[in-house]
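Enquirer: Just dropping this structure here.
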Amino acid sequence: MARRAKRPLKNEINVVPYIDVMLVLLIIFMITAPMINPGQIELPEIGKSSAAPSAPLEVIIKADNSLALRDRAQTDLEKFVTHQQLIDAIKHKQKQNAKQPVVIAADKNVRYEEVINVMDILQRHQVQRVGLLAQPR
């Protein structure tokens, strides 16, 4: 009996069939991609949100703990006020615009307690939008 010669074992993967399948898929996608109708995007409609936000009222606390009020919508001039005049002015502005923002700008030498007192007065009189103004470095 004649003995058959044994073939050496290969431990490699033949990737030629995979490349052929990949090229066929690539051609199919290249042909069908231009035929696909792109979906339509429905954008939201604009309403009141497109209106420009109102300029905030600035409550300025000076280094000597005196208060001033600046209405950027009307003028850039500061008007010195007392606590009661401050509340009256803000309530008057809130009758015109219920969501009138108010920012507190305090001198860096003012005690933190005075800023908190002004914030407390504003919150007790239902001022909803109160913020702190800081100078960027």
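Enquirer: Check Ala106: other-chain or 5+ apart residues with amide H under 5 Å from its amide H, H built from backbone geometry?
Expert: HN-HN under 5 Å from Ala106: Ile61, Leu133.
Enquirer: Taking θ as phi - 60°, what are the ³J(HN,Hα) couplings along region 125-133 by the Karplus curve (6.51, -1.76, 1.60), each to the nearest whole Hz, with x for Gly and Pro?
Expert: Taking θ as phi minus 60°, the curve returns 9, 6, 7, 7, 9, 10, x, 10, 9 Hz for region 125-133.
Enquirer: Output the antiparallel fraction of DSSP beta bridges having both residues in the chain, as a percent to the nearest 5. Walk me through the intermediate numbers first.
Expert: Working: 8 of 16 bridges.
Taking every DSSP beta bridge with both residues in the chain, the antiparallel ones total about 50 percent.
Enquirer: Would you please put 33-43, 79-89 in order of how densely packed they are, using the mean number of other Cβ atoms within 10 angstrom per residue and starting with the highest?
Expert: Averaged packing, sorted descending, gives the order 79-89, 33-43.
Enquirer: Give me the compactness ratio for region 55-132, meaning the Cα radius of gyration over 2.2 N^0.38 Å.
Expert: Normalised Rg, Cα atoms only: 1.00.
Enquirer: For all pairs of alpha-carbon atoms in the chain, what percent lies in each bin of width 10 Å, listed from the first bin to the last filled one?
Expert: 9, 25, 15, 7, 5, 7, 10, 10, 5, 3, 3, 1, 0
Enquirer: What does the charge count around Asn109 come to, taking other residues whose C-beta lies under 12 Å from its C-beta (Lys +1, Arg +1, Asp -1, Glu -1)? Intermediate results must be reported in sequence, preceding the final value.
Expert: Working: positive: Lys62, Lys108, Arg111; negative: Asp64, Asp107, Glu114.
Net charge around Asn109: 0.
Throughout, read-outs are computed from the coordinates displayed, never taken from laboratory work. This structure is a prediction, so every number in the text was calculated from the model and none was measured. Neighbour counts run over all protein chains shown; Cβ positions are idealised from the backbone, glycine included.
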